[in-house]
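S.K.: Before we start, here is the structure in question, set down as structure tokens.
Rule-based calculations on the coordinates, nothing more; no lab input. Quick caveat, the model's predicted, so the values are computed rather than measured. Backbone-built Cβ (ideal geometry, glycine too); neighbour counts: all protein chains shown.
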Amino acid sequence: MHDDHPTDTDPRDDPPADAAWGFAPPAFNPTAALDRLRRGLREAGLSERAGVWEARGGLAVARVSPPTAQATTLDVARATRLRRGSTDWRSHTLRHDADLRHFLDELRRLLAGARDADD
């Protein structure tokens, strides 16, 4: 008699669902993410002054808090609207690379809206 299913395996020994793909996503590195964030903000035409990123004309657009040595996240904030005077900030905690991409996309939309309003 031929048995197609071996009896010595236990379904509880199956690998976790993430291991089925053969790899796990890389751990979030706040220091490397800070470098990518700074690059993305410079590419968006912003300049940094004391941790605050500004558009032309001195409009504050984003704030970045440098990570500590043991940090596993990156704390940032973006302006809710671009206007002169006081700035209302919306805080974000970046926990993975998708958060970083989303934050940069939001800033680009904010800047694009401001450029369209100026035209």
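S.K.: Residue by residue, what Karplus-based ³J(HN,Hα) values in Hz, rounded to whole numbers, does the range 101-113 have, using 6.51, -1.76 and 1.60 with θ = phi - 60° and x for Gly and Pro?
M.R.: 4, 5, 4, 5, 4, 4, 5, 4, 5, 4, 5, 5, x
S.K.: Calculate, for Ser91 and Glu43, the FRET efficiency according to 1/(1 + (r/R0)^6) with r their C-beta to C-beta distance and R0 22 Å; round to the nearest 0.05.
M.R.: 0.45
S.K.: Now for a separate question. At 37 °C and a viscosity of 0.692 mPa s, what translational diffusion coefficient does Stokes-Einstein give for the range 25-118, taking Rh as the Kirkwood radius over Cα pairs? Give it in µm²/s as a whole number.
M.R.: Value of D from the Cα-based Kirkwood radius: 242 µm²/s.
S.K.: Measure off 7 Å from each Cα along the Cα-to-Cβ vector at Arg83 and His102, then give the distance between these two points in nanometres to one decimal.
M.R.: Going by the 7 Å Cα→Cβ label model, 2.6 nm.
S.K.: Give the peptides 74-83, 37-46, 89-98 in descending order of average Cβ contacts within 10 Å, highest first.
M.R.: Highest-to-lowest ranking by the protection proxy: 74-83, 37-46, 89-98.
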